[in-house]
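Asks: Please find one structure pasted underneath; my questions will follow.
The values are calculated or read from the model by the stated rules, or taken from the named source; none is laboratory data. If you're wondering where the values come from, they're calculated on a predicted model, not measured in any experiment. In this analysis, Cβ positions are derived from the backbone assuming ideal geometry, glycine residues included, and neighbour counts consider all displayed protein chains. Each accessible area value is taken on the protein alone, full model and side chains, heavy atoms only, with ligands, DNA and RNA left out. Shrake-Rupley method; radii C 1.70, N 1.55, O 1.52, S 1.80 Å.
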Amino acid sequence: MAAISFQQVSKTYRSKGGHNEVRALSEVSMDIEPGEFFGLLGPNGAGKTTLISILAGLSQATSGHVKVHGHDVVDDYAAARRSLGIVPQELVFDPFFTVREALVIQSGYFGVRGNDAWIDELLHHLGLADKANANMRQLSGGMKRRVLVAQALVHRPPVIVLDEPTAGVDVELRQTLWHFIARLNKEGHTVLLTTHYLEEAEALCNRIAMLKQGRVVALDRTSALLAGTASTMLRFKMDAPLPASLAAQSRVTGRIVQIKAHDAHEVETVLGVLRAAGCQPEDLEIGRADLEDVFLDIMNGPAEVKA
Ligand SMILES: Nc1ncnc2c1ncn2[C@@H]1O[C@H](COP(=O)(O)OP(=O)(O)OP(=O)(O)O)[C@@H](O)[C@H]1O
Ligand SMILES: [Mg+2]
């Protein structure tokens, strides 16, 4: 049985009076198997948080069904919700409690008593041990996010859902967090992750779905997605404008230029064009295409459905 099953999920937001409609999700179907580390990627507004809100029972799908370990998130809400630990994208917290109180209250919400040993372990692994008695409102943004992660995990949910958990957090926490989440995944927990840090997704996720304007436009093993793209990337810095003949296969970010090539012959051709145009690339590197290249290829292509 799938850990999470999305079946033909559509969501239309209607404004009051029904004048404006936003179709946030269109017929999203996918199954995430137990033990997977699954990445849900897509640009701002693609529908990732909407899909997670429906999974969490915070929002109702306009049509379609979502199940967690076979429990429908609407008809069997309590069982579905108990199987989930959700780290929301927005920082929501109650400013009147200390970190430990917030975790004890959250445990109580799931009917878990005598949870102190696990709470201590969570505090330790998330680098919060010295903040246990601090008031929530005294914490920095990154610290609050750590508490949200701890809160999601108090009842040891088999399925962990993280909506951009590393947005705005420092390098150290990202490493601590991934170390801990990867351990939980090894121990059998299923993980669903959304992130805009594609190198994190590439490193962690065994399978990835990409959403574009509410539709699934790619769904495959991470290795298969990487194998499906032009294999080589030239990366360098340059002040002069790029020759127009290279524009179609290039991406320019400030001074940084990245050019796709399929093979060594194409690499030579690109270098020849640059030389002929009098361009002087600095810090030239030739490397493998990464998930960011795949992502941009897919997002800039036509919105076809490939689920
Ligand atoms: N409560 C709401 N009412 C109306 N429209 C909404 C609401 N929530 C989201 N939307 C719209 O639904 C679409 C999908 O939004 P969603 O938050 O799911 O995107 P996302 O993929 O999570 O984006 P991001 O990467 O920015 O977090 C957007 O067009 C958004 O404006
Ligand atoms: Mg979002």
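Asks: Got a sec to turn the phi values of segment 238-244 into Karplus ³J(HN,Hα) couplings, 6.51 cos²θ - 1.76 cosθ + 1.60 with θ = phi - 60°, whole Hz, x for Gly and Pro?
Replies: 7, 8, 6, x, 6, x, 4
Asks: Right, another one. Suppose all protein chains stay in the model; what accessible area per residue would a 1.4 Å probe give for the chain, in Å²?
Replies: Here the residues of the chain average 49 Å² of exposed surface.
Asks: Amide H to amide H under 5 Å from L192: which residues, 5+ apart in sequence or cross-chain, H placed 1.01 Å off N in plane?
Replies: Residues meeting the amide H criterion: F38, I160, V161, L162.
Asks: Roughly speaking, to the nearest percent, how much of segment 55-117's 1.4 Å accessible area is carbon and sulfur?
Replies: 55 percent
Asks: Related question: Could you give the size of the charge dipole of the chain about its Cα centre, using +1 on the Cβ of each K and R and -1 on the Cβ of each D and E, expressed in debye and rounded to the nearest 20?
Replies: On the way: 31 positive and 36 negative charges, 151 e Å.
Dipole about the Cα centre, nearest 20: 720 debye.
Asks: In whole angstrom, note down how far apart the Cα centers of segment 120-181 and segment 281-297 are.
Replies: Segment 120-181 and segment 281-297 have Cα centres spaced 32 Å from each other.
Asks: Then there is this: Quick check for me: using +1 on Lys/Arg Cβ and -1 on Asp/Glu Cβ, what's the dipole size of segment 230-288 about its Cα centre, in debye to the nearest 20?
Replies: 180 debye
Asks: With a cut-off of at most 13 other beta carbons within 10 Å, and DSSP calling the residue loop, which GluC sites (Glu not before Pro) in segment 1-94 qualify? Please list them.
Replies: Details: sites: E21, E27, E36, E90; in loops: E36, E90.
Qualifying residues, ordered by number: E90.
Asks: Spelling out what I want: for every residue of segment 193-203, take phi, set θ = phi - 60°, compute 6.51 cos²θ - 1.76 cosθ + 1.60 (Karplus), and round to whole Hz; glycine and proline get x.
Replies: My calculation for segment 193-203 gives 10, 10, 7, 9, 8, 6, 5, 5, 4, 4, 6 Hz in order.
Asks: Follow-up. By how many degrees, 0 to 90 and rounded to 10, does the Cα axis of helix 171-186 deviate from the longest principal axis of the chain?
Replies: With both axes taken from Cα atoms, the answer is about 70 degrees.
Asks: Pick out, in residue order, every one of the GluC sites (Glu not before Pro) in segment 95-203 that is DSSP loop and has at most 15 other C-beta atoms within 10 Å; say none if there are none.
Replies: E187
Asks: Spelling out what I want: for every residue of segment 14-31, take phi, set θ = phi - 60°, compute 6.51 cos²θ - 1.76 cosθ + 1.60 (Karplus), and round to whole Hz; glycine and proline get x.
Replies: Values per residue, Gly and Pro as x: 10, 6, 4, x, x, 6, 10, 10, 10, 8, 7, 9, 10, 6, 7, 10, 6, 10 Hz.
Asks: Given the DSSP H assignment, sum -39500 (n - 2.57) over each helix run of at least 4 residues in the chain and divide by its residue total; what's the result at 222 nm in deg cm²/dmol, nearest 500?
Replies: Computed ellipticity for the chain at 222 nm equals -9500 deg cm²/dmol.
Asks: Taking loop as defined by DSSP and a crowding limit of 16 other beta carbons within 10 Å, which trypsin sites (Lys or Arg not before Pro) in segment 68-118 fit?
Replies: Working: sites: R81, R82, R100, R113; in loops: R113.
Passing sites in segment 68-118 are R113.
Asks: Moving on to the next point. Starting from the Cα of K131, draw a straight line to each of the lysines and keep only those under 20 Å, dropping any in the same chain fewer than 8 residues away.
Replies: K144
Asks: Taking amide H atoms as placed 1.01 Å from N in the peptide plane, list the residues 5 or more away in sequence, or in a different chain, whose amide H sits under 5 Å from that of L25.
Replies: Answer set, sorted by chain and number: K11.
Asks: Just how far, in whole angstrom, is segment 41-100 from segment 208-231 if you go by their alpha carbon centroids?
Replies: 23 Å
Asks: Something else about it: Calculate what fraction, in whole %, of the accessible area of segment 156-307 sits on carbon and sulfur atoms when a 1.4 Å probe is rolled over the protein chains.
Replies: Values: 4000 of 7670 Å².
Heavy-atom surface of segment 156-307 belonging to carbon and sulfur, 1.4 Å probe: 52 percent.
Asks: Something else: List every residue whose amide H lies under 5 Å from the amide H of Y197, counting only residues 5 or more places away in sequence or on a different chain, with H placed 1.01 Å from N in the peptide plane.
Replies: Correct list: empty.
Asks: Applying 1/(1 + (r/R0)^6) with R0 = 22 Å to the Cβ-Cβ distance of M1 and E27, what FRET efficiency is obtained, to the nearest 0.05?
Replies: The calculated FRET efficiency here is 0.50.
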